[in-house]
Amino acid sequence: MSDNFYILNFAGLPSHLADPERSKVKIIPVPYEATVTYRKGTKEAPLAIIQASQNLELWDEELSVQPCEVGISTFPPLMCSSSSPGESCKKIYRYVKEIINPGEFYIFIGGEHTITSGIVKAFSESYSSLSVLQLDAHADLRNTYEGSFYNHACVMRRVQEYVSCFVQLGVRSLSREEARYIKENAIPYQSAIEVLKYDRWKELIREKLSDTVYLTIDVDVMDPSIVPSVGCPEPGGLDWYKILEIVRYVAECKRIVGVDIVELSPLPGIVAPDFLVARLIYKIIGYNFFLK
Ligand SMILES: [Mn+2]
């Protein structure tokens, strides 16, 4: 698996556009999988997405630009031992802390959602007043799950310890305790059906997030009809254009400093979701650099 990573760069760019010294965008594959509870396979996602990205048309039809011209370099994958999620989060934290260079734009391709807490901890030490926008079918607000504080089902409880604020959009599956936690702590939240019907999510993004935003996208926020290849395919998700509308809006009114896209579990023979995620990454790059 890792051999291919060294051969392929995201979008199959020529070397002058993928040069790590000159690229404004850094893509970091994190094929980490240890605490997944239902369907496995998310460790295969970074390579599947990078392979799918070889087929991207580089012209952005909506923006009328060629986003890859800012330079997109693809790092070797960050490998973590799968035995202890706590240790792996520490390793991810130390790695990100070392590479982070404010002013550059980082996109992490997971792997399971667990990785977000290590990444956000490092970002929160480089950017004062960081906030997090979470797009996800699940609240991920359990304090512990299956004996671990670092289970993917707990990731936002850990993230909350590092940031000034976070907003959750697209949630439609959570426990009674998580629902109570959201209410008691007045966590800014809009469920999937609300996001689809009303525009209050715009107000949450504008008014609840700080100016500097980290974006975490669990791909199960999208409807399983377009992304069936996830660990927990929860019905009633967002469609492609709603996701784009949200990401574009954040890019217009805030400064996005880092992104992760997690929890894809590629299905053999079904490449559309892998390609969708590759396109989403490319759209995010376009919105981030060419809207202002
Ligand atoms: Mn999820």
Mean ellipticity per residue at 222 nm, deg cm²/dmol - from DSSP H runs of n ≥ 4 across the chain, formula -39500 (n - 2.57): -10500 deg cm²/dmol
Of all accessible heavy-atom area on region 135-278, the percent that carbon and sulfur account for (1.4 Å): 51
Contour excess over end-to-end distance, with Cα ends at I99 and E245 and 0.36 nm allotted per residue: 49.5 nm
5 Å-binned pair-distance histogram of region 108-171 (Cα, whole percent): 4, 19, 29, 28, 16, 4, 0
Accessible area in square angstrom per residue, region 149-292, 1.4 angstrom probe: 40
Long-range tail of P(r) for region 7-163 (Cα pairs > 23 Å, %): 42
Nearest-0.05 FRET efficiency for L63 and S126, computed from C-beta distance (R0 25 Å): 0.35
13 Å Cα-Cα reach of K254 towards aspartates and glutamates, excluding residues that sit fewer than 8 places from it in its own chain: E203, E207, D211
Region 19-44 versus region 146-214: alpha-carbon centroid distance in Å: 22
Percent of C-alpha pairs per 10 Å bin, the chain, short to long: 7, 31, 40, 20, 2, 0
Those chymotrypsin sites (Phe, Trp or Tyr not before Pro) in region 179-221 that DSSP places in a loop and that have at most 14 other beta carbons within 10 Å: Y198
DSSP loop GluC sites (Glu not before Pro) with at most 13 other Cβ within 10 Å excluded, longest remaining stretch of the chain: 162-292
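The values are calculated or read from the model by the stated rules, or taken from the named source; none is laboratory data. Since the model is a prediction, treat every value here as computed from it, not as a measurement. Using ideal geometry, Cβ is built from the backbone for each residue, glycine included, and neighbour counts are taken over all protein chains shown. Side chains included, ligands, DNA and RNA excluded: accessible areas come from the protein's heavy atoms. Shrake-Rupley method; radii C 1.70, N 1.55, O 1.52, S 1.80 Å.
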